[in-house]
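Trainee: One structure, as C-alpha cells, below. Some questions next.
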Amino acid sequence: MNPKYIVIHHSLTKDGIVVDWDAIRRYHKEVHGWSNIGYHYGIERVGKDLLLKVGRPESQEGAHCKEMHMNGKSIGICVVGNFDLAPPGLEVMRFLADIVKRKVAEYGIPVNSILGHREVGAMAGFDWRKGQYKSCPGRHFNMDILREMVAGTGKAA
C-alpha cells in the first residue's frame, strides 16, 4: 500500500489501567472476525508513559474507514480515549503529531491529507453533527490544531 492519507480515530473508550489496545484487537478479531486490529497504529497511555502500539502492517489494507475507500489508501491511527467527553491533552497531541510527522515525511503525504474519521464521513456526504456519522476522533478533538502541529505552524508545536 502506498498511503495518500492519514486518518485519525479515537477508541471511544476510557483509557484506564488495562491495556485497552489489546482489548480493541480482541474485539476486532473476535466480534468482527478480522485477521487483526483494523488500525495500523495506536497511541495509549500505560501508567505514566505514552506508547505507540503497532497494529496491522502498513503493507496491509486497514479496516478503519471504509468511506471514500480510505482503508486501501490511508494509514489509520487510533488514540485510546474518549474525546467526545474532553479534548486530548497537549502531551497526547504532541506525541500524535510526532508520529504523524514521520509518516507524512516517509510517504510524502500533504498535511491537508491528515483527516479525522468524521472528515472522511463529511467527504462522503454525512454530517456527524446531525447524527448521520461518527464524531470520531471526538467532538473535542481539533483536527486543525493537529495539522498545524504537524506542519510546525501551531503554537503548541
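The values are calculated or read from the model by the stated rules, or taken from the named source; none is laboratory data. Small disclaimer: the values here were computed from a predicted structure and weren't measured. Cβ atoms come from the backbone with ideal geometry, glycine included; neighbour counts cover every protein chain shown. The protein model used for the area step is the full one, side chains on, heavy atoms only, and it has no ligands, DNA or RNA in it. Shrake-Rupley method; radii C 1.70, N 1.55, O 1.52, S 1.80 Å.
Trainee: Cross-link list LYS66/LYS130; LYS103/LYS134; LYS4/LYS101; LYS53/LYS101; LYS29/LYS66; LYS101/LYS134: which exceed 22 angstrom alpha carbon to alpha carbon?
Mentor: LYS103/LYS134; LYS101/LYS134
Trainee: Compute the separation of the alpha-carbon centres of segment 92-157 and segment 1-76 and state it in Å as a whole number.
Mentor: 15
Trainee: In debye, nearest 20, what is the charge dipole magnitude of the chain about its Cα centre with +1 on Lys and Arg Cβ and -1 on Asp and Glu Cβ, if you could check?
Mentor: For this selection, approximately 120 debye.
Trainee: Estimate the FRET efficiency between PHE126 and ASN2 by the formula 1/(1 + (r/R0)^6), using the beta-carbon distance for r and 25 Å for R0, to the nearest 0.05.
Mentor: Result of the calculation: an efficiency of 0.40.
Trainee: Checking understanding here: applying a Kyte-Doolittle mean of at least 0.0 and a length along the axis of at least 20 Å (C-alpha), which whole DSSP H helices in the chain pass?
Mentor: Taking the DSSP H segments of the chain (at least 20 Å long, mean hydropathy at least 0.0), we get 90-107.
Trainee: Still on this structure: For the chain, with every protein chain kept in place, what is the accessible area per residue (1.4 Å probe, Å²)?
Mentor: That works out to 52 Å² per residue.
Trainee: Kindly state, to the nearest 0.05, the FRET efficiency for LEU51 paired with LYS29, given R0 = 25 Å and r defined as their beta-carbon distance.
Mentor: Here the calculated transfer efficiency is 0.80.
Trainee: Here is a follow-up. Using alpha-carbon pairs under 8 Å, 6+ residues apart, how would you state the relative contact order of the chain in percent?
Mentor: Relative contact order for the chain comes out at 30 percent.
Trainee: If you roll a 1.4 angstrom probe over the protein chains with everything in place, what fraction of the accessible area of segment 1-142 belongs to carbon and sulfur, to the nearest %?
Mentor: With neighbouring chains kept in place, the figure for segment 1-142 is 53 percent.
Trainee: Under 1.5 on a/c is rounded, so check that first for the chain, then, if it is not, pick prolate when a/b is larger than b/c and oblate when it is not; a ≥ b ≥ c are the square roots of the alpha carbon gyration tensor eigenvalues.
Mentor: rounded
Trainee: Under 1.5 on a/c is rounded, so check that first for segment 21-108, then, if it is not, pick prolate when a/b is larger than b/c and oblate when it is not; a ≥ b ≥ c are the square roots of the alpha carbon gyration tensor eigenvalues.
Mentor: Note, shape of segment 21-108 comes out oblate.
Trainee: Now, a different point. Shape of segment 61-130 from its Cα gyration tensor (a ≥ b ≥ c, root eigenvalues): rounded if a/c is under 1.5, otherwise prolate when a/b > b/c, or oblate?
Mentor: oblate
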